[in-house]
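The values are calculated or read from the model by the stated rules, or taken from the named source; none is laboratory data. For clarity, every value in this text was computed on a predicted model and none was experimentally measured. Cβ atoms come from the backbone with ideal geometry, glycine included; neighbour counts cover every protein chain shown. Keep in mind that these areas ignore ligands, DNA and RNA; they rest on the heavy atoms of the full protein, side chains included. Shrake-Rupley method; radii C 1.70, N 1.55, O 1.52, S 1.80 Å.
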Amino acid sequence: MKQAFDLTGKVAVVTGGSRGIGKGIAIGLAEAGANIVLVQRSNDTSTQEEIKALGVRCEIIHCDLINLEDVKQVIPNAIETMGSVDILVNNAGIQRRSPAVDFSEQDWDDVLTVNLKAVWILCQQAGRHMVKRKSGKIINIASLISFQGGILVPAYAAAKGAVGQLTKALANEWASQGVNVNAIVPGYIATEMNTALIEDPVRSRQILERIPAGRWGNPDDFKGPAVFLASDASNYIHGHLLVVDGGWLGR
């Protein structure tokens, strides 16, 4: 059974892999044997060094996902650098919070560009490569907001709802071509994106009271789900949105 989860020699591209959930996923994939390409804006190499210490290869591609011309170069550059792309994890995202009546057009465009259009471009380019090879795993990062409307996050809700449907649409097309497209749905996770919620004593308490697991999630909680969806263990799973939320949705 261990062989089914073995990623030795695979190449995984992870956007936003230098911190938070993306870092947890990147390290988890590396621990399973995958070589990693971190797609990040910053020049921070600390995550790269952590991954290299595991005995696998790790390269960085610098890209701000709001720049779509740069996004279009990510997969070609990864293939040129690593020889192939076996796994794509679309993790990077941004958040803007405001009442809907005051939500700016610029904030709307920025969130939809990074959280949806960049995801689509990366899926399409990785898909072209994977369909030709009849093999590949794409893991999108959706959100509880893919199922719920959220509060003060209309653009994020629109984008993450669309990511869920995009995942299913691509799975319908590519499942017969040997490419698995699935999504992980994080619940409330203690990361920088949720700082405003964590620091709001009333909202933080309300959230925690509803989580059956009794705690906020952390990036390490995504290692297992990511390795599962990236490995042969999930070969017959297509178009699934795997919720990792401590039981929030079931409450």
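Estimated purely from DSSP H runs of n ≥ 4, each contributing -39500 (n - 2.57), the mean residue ellipticity at 222 nm for the chain is -11500 deg cm²/dmol once divided by its residues. The stretch between GLN106 and ARG57 holds 13.8 nm of extra length on full extension. This uses 0.36 nm per residue minus the Cα-Cα distance. Can you tell me, using C-alpha contacts under 8 Å and at least 6 residues apart, the relative contact order of region 1-144 as a whole percent? It rounds to 23 percent for region 1-144. Reported to the nearest whole Å, the Cα centre-to-centre distance from region 1-51 to region 202-247 is 18. In this structure SER84 has an accessible area near 20 Å², from a 1.4 Å probe over the protein heavy atoms. Which shape class, rounded, prolate or oblate, goes with region 101-251 when its Cα gyration tensor gives a ≥ b ≥ c as root eigenvalues, a/c under 1.5 marks rounded, and past that a/b bigger than b/c marks prolate? Taking the square roots of the gyration eigenvalues as a ≥ b ≥ c, region 101-251 is oblate. For region 44-97, what class follows from the C-alpha gyration tensor (a ≥ b ≥ c being the square roots of its eigenvalues): rounded when a/c is under 1.5, otherwise prolate if a/b is larger than b/c, else oblate? It comes out oblate by the Cα gyration axes.
How do the peptides 20-26, 110-116, 224-230 rank, highest first, by the average count of neighbouring beta carbon atoms within 10 Å per residue?
Highest-to-lowest ranking by the protection proxy: 20-26, 224-230, 110-116.
Using the Cβ-Cβ distance between THR195 and GLN165 with R0 set to 30 Å, the FRET efficiency from 1/(1 + (r/R0)^6) comes to roughly 0.60. Only protein heavy atoms count here; on that basis, with a 1.4 Å probe, HIS62 has an accessible area of about 100 Å². For the listed peptides 48-59, 203-214, a ranking on the average number of other beta carbons within 10 Å per residue, highest first, reads 48-59, 203-214. Quick one: if the Förster radius is 41 Å, what FRET efficiency do GLU80 and GLN148 give, using the C-beta to C-beta distance and rounding to 0.05? FRET efficiency, GLU80 to GLN148: 0.50.
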